[in-house]
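Novice: Please find one structure pasted underneath; my questions will follow.
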Amino acid sequence: MVAVDKRWHLRSWRNAIAFQPPDYPDETVLERIVSRLADLPPLVSPEEVDHLKKQISEAALGKRFLLQAGDCAESFEKCTAKAINSRITVLQKMSLVLMHGSSLPVTTVGRIAGQYAKPRSNPEQTIDNQTLPSYRGDLINGHSFSVQSRTPDPERLLQGYGYASMTLNYIRTLKNGSLSKLKSSSAWQEPSLQKIPELFEPLQHIRQSINLAEQIQGAAISNNLYTSHEALHLYYEQALTRQHQGNWYNLSTHFPWVGARTAKPNTAQVEYLRGISNPVAIKISPTMEPQLLTQLIDKLNPQAELGKITLIPRFGLKHIQQLLPQFIETINQSGQPVLWSCDPMHGNTRSTSKGIKTRDVAAIKHELALSFDIHRQYNSNLGAVHLEVSGENVTECCGGFCQMTDQMLTSNYQSLVDPRLNSTQAMEIALFIKDQIASETKANVYLASENQQNS
């Protein structure tokens with residue numbers, strides 16, 4: 001059993017400093033909704049959460065790789081069979097590519113079935129001299145710019161639960177059949193991929209290798225998919241937190257994370273997260289101090305449990321070479337066991353001349369390469385990546401083999417908040433990560449051989 005400070009209880013977060021709280025017009029209605037949510041069935045099981053924590057501990061030890069990817073902000077409208085299928089398919093294909101390149105088992109975690117709330121830098125938005133609350137995700141308010149839409153509505157918590165439940169239920173119905181479809185040639189022959197030999201040829205080779213491996217081993221490849229979202233809306237998280245065998249679990253998701261804006265030891269989010277048994281990820285922004293991070297980890301993981309903490313730096317090319325070594329050295333000295341991930345997207349967001357938010361594939365690749373190199377230099381292991389991707393051919397990120405330009409972004413820009421890699425760009429990044437892992441593996445084998453010869 002994981003010991004929790006006796007001063008923690010399910011509502012103790014309400015006494016901490018609140019960051020990004022929704023401004024509901026009627027607290028009584030909110031409390032009624034929270035009570036209703038607390039009576040509804042959980043969305044995931046404690047056993048699934050514990051299984052994921054074990055896999056995270058393996059990734060921290062270099063025995064596994066973790067892919068965390070999905071929507072920036074899910075929308076209720078996209079809870080359709082077609083949209084869910086496209087998201088699951090691209091995640092599974094990316095995982096198979098990574099597994100082929102690393103010769104390691106790969107754990108797939110989706111930003112899915114609950115990523116409905118988003119923090120915002122500015123709490124208000126002004127258009128044509130009218131100022132309204134910013135869009136905070138479908139769990140809180142609507143995207144349409146009107147008073148009715150932008151007013152936080154607690155009924156959306158029930159809607160979010162319903163859409164998350166439907167998404168998870170559909171994912172579970174896909175588990176037995178979707179992987180076998182991915183092993184067929186047609187699943188890897190999308191028209192957008194066939195036009196790009198740099199992607200199409202290696203992907204066909206990977207598919208053939210997977211088929212051969214299955215024939216030789218006579219065993220199916222794991223097809224599990226875990227869920228994750230930012231633990232931002234604490235009324236929702238509280239309502240779906242349940243006790244099991246003496247421990248508290250957030251059963252709205254397998255893997256909650258604390259965002260860069262709320263990753264401080266005294267926030268309500270951290271007070272809530274320190275009491276649950278789920279593995280927890282921490283986003284690290286360029287403004288965070290390394291010593292503050294160690295305080296945060298000590299509070300979330302006082303027993304230094306392996307598999308509990310994942311660190312996700314989001315530095316961008318501008319800061320990674322300066323900051324990442326400092327954080328790695330600080331964590332190494334602290335003795336806290338962590339899984340290191342890399343978010344190469346958030347720190348590389350830019351705006352076009354027309355004010356459209358985008359990210360460049362070249363910058364994403366560059367930050368990934370630097371992250372692998374820096375971890376190698378400092379005797380650390382990069383065992384995970386964190387990406388925002390769409391399963392559809394959206395036009396939100398620039399560059400890559402598909403040669404997306406700033407001028408092409410408006411043709412199919414769908415994201416309500418931040419830009420995502422489209423399915424073609426996602427496969428390009430997966431192949432790039434595969435090559436980085438393969439290089440890392442070869443370097444480790446060489447060093448082991450050298451050490452053996454010298455001993």
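Novice: Got a sec? Which of Leu182, Leu168, Leu174 is surrounded by 17 or more Cβ atoms within 10 Å (Cβ to Cβ), over 19 Å from Phe401 (Cβ atoms) and at pLDDT 95 or above?
Specialist: Numbers: Leu182 fails: at pLDDT 95 or above; Leu174 fails: at pLDDT 95 or above.
From the options Leu182, Leu168, Leu174, the qualifying one is Leu168.
Novice: If I filter region 332-351 down to residues being free of Cβ contacts under 8 Å to residues at least 40 places away in the same chain and either over 20 Å from the mean Cα position of the chain (by Cα) or surrounded by fewer than 21 Cβ atoms within 10 Å (Cβ to Cβ) (or both), which single residue comes out as farthest from Thr310 (Cα to Cα)? Write out each step before concluding.
Specialist: Residues of region 332-351 that are free of Cβ contacts under 8 Å to residues at least 40 places away in the same chain, as a first pass: 333, 335, 348, 350-351.
Now drop any that are not either over 20 Å from the mean Cα position of the chain (by Cα) or surrounded by fewer than 21 Cβ atoms within 10 Å (Cβ to Cβ) (or both), which leaves 333, 335, 350-351.
Working: Gln333: 17, Gly335: 14, Arg350: 26, Ser351: 30 Å.
So the residue we want is Ser351.
Novice: Between Ser95, Ser57, Ser35, Ser86, which is part of a helix (DSSP H, G or I) and surrounded by fewer than 16 Cβ atoms within 10 Å (Cβ to Cβ)?
Specialist: After ruling out the rest, the residue left standing is Ser35.
Novice: Checking Val29 against (1) farther than 17 Å from Met166 by Cα; (2) assigned to a helix (DSSP H, G or I); (3) within 18 Å of the chain's Cα centre (by Cα), only one condition comes out false. Which one?
Specialist: The single condition Val29 does not satisfy is (3).
Novice: Could you count how many residues in region 352-395 are free of Cβ contacts under 8 Å to residues at least 40 places away in the same chain and not in a loop (DSSP other than H, G, I, E, B)?
Specialist: 3
Novice: Looking at region 230-246, which of its residues are buried (at least 21 other Cβ atoms within 10 Å of the Cβ) and assigned to a helix (DSSP H, G or I)?
Specialist: Once the filter is applied, which keeps residues that are buried (at least 21 other Cβ atoms within 10 Å of the Cβ) and assigned to a helix (DSSP H, G or I), region 230-246 yields Leu234, Tyr236, Glu237, Ala239.
Novice: When you go through (1) part of a helix (DSSP H, G or I); (2) at positive phi; (3) of a type in the set (Gly, Ala, Ser) one by one for Gly137, which number turns out not to apply?
Specialist: Condition not satisfied by Gly137: (1).
Novice: Still on this structure: Name every residue in region 140-160 that is buried (at least 20 other Cβ atoms within 10 Å of the Cβ) and assigned to a helix (DSSP H, G or I), in order of residue number.
Specialist: The answer is Arg150, Arg156, Leu157, Gly160.
Novice: Test each condition in (1) under 23 Å from Asn141 (Cβ atoms); (2) in contact with a Ser or Thr (Cβ under 7 Å, 6 or more places away or on another chain) for Phe76 and report the one that comes out false.
Specialist: (2)
Novice: Residues in region 98-119 that are part of a helix (DSSP H, G or I) and at pLDDT 90 or above: how many? Write out each step before concluding.
Specialist: From region 98-119, those part of a helix (DSSP H, G or I) are 98-102; that's our starting set.
The next check asks that each one be at pLDDT 90 or above; those that pass are 98.
Qualifying residue count for the region: 1.
Novice: Inspect all residues belonging to region 338-349 and state whether any of them is in contact with an Asp or Glu (Cβ under 6 Å, 6 or more places away or on another chain) and not β-branched (Val, Ile, Thr).
Specialist: Checked region 338-349: at least one residue is in contact with an Asp or Glu (Cβ under 6 Å, 6 or more places away or on another chain) and not β-branched (Val, Ile, Thr).
Novice: Tally up the residues in region 112-138 that are in contact with a Ser or Thr (Cβ under 6 Å, 6 or more places away or on another chain) and crowded, with 20+ Cβ neighbours inside 10 Å, please.
Specialist: Total satisfying the criteria: 4.
Novice: Can you tell me how many residues in region 38-50 are in a helix (DSSP H, G or I) and either touching a residue at least 60 places away in the same chain (Cβ under 8 Å) or crowded, with 19+ Cβ neighbours inside 10 Å (or both)?
Specialist: The qualifying residues number 5.
Novice: Another question, then. Of everything in region 291-308, what is assigned to a loop (DSSP other than H, G, I, E, B) and either without any contact (Cβ under 8 Å) to a residue 40 or more places away in the chain or within 16 Å of Glu329 (Cα to Cα) (or both)? Give them in sequence order.
Specialist: Selection gives Asn301, Ala304.
Novice: Right, next: Could you list, in sequence order, all residues of region 396-412 that are more than 22 Å from Gln68 (Cα to Cα) and not in a strand (DSSP E or B)?
Specialist: Phe401, Cys402, Gln403, Thr405, Asp406, Gln407, Met408, Leu409, Thr410, Ser411, Asn412
Novice: Could I ask something else about it? Return the only residue of Gln326, Gln336 being in a helix (DSSP H, G or I), of a type in the set (S, T, N, Q) and more than 30 Å from Gln407 (Cβ to Cβ).
Specialist: Numbers: Gln336 fails: in a helix (DSSP H, G or I).
Only one candidate passes the filter, namely Gln326.
Novice: Same structure, new question: Which of the numbered conditions does Ile282 fail, given that it passes all the others? Conditions: (1) buried (at least 21 other Cβ atoms within 10 Å of the Cβ); (2) in a loop (DSSP other than H, G, I, E, B).
Specialist: Among (1) buried (at least 21 other Cβ atoms within 10 Å of the Cβ); (2) in a loop (DSSP other than H, G, I, E, B), the lone unmet condition for Ile282 is (2).
The values are calculated or read from the model by the stated rules, or taken from the named source; none is laboratory data. It should be emphasised that the depicted structure is a prediction, and the values quoted were computed from it without experimental measurement. Quick reminder, even Gly has a Cβ in these numbers, built from the backbone with ideal geometry, and neighbours come from all protein chains shown.
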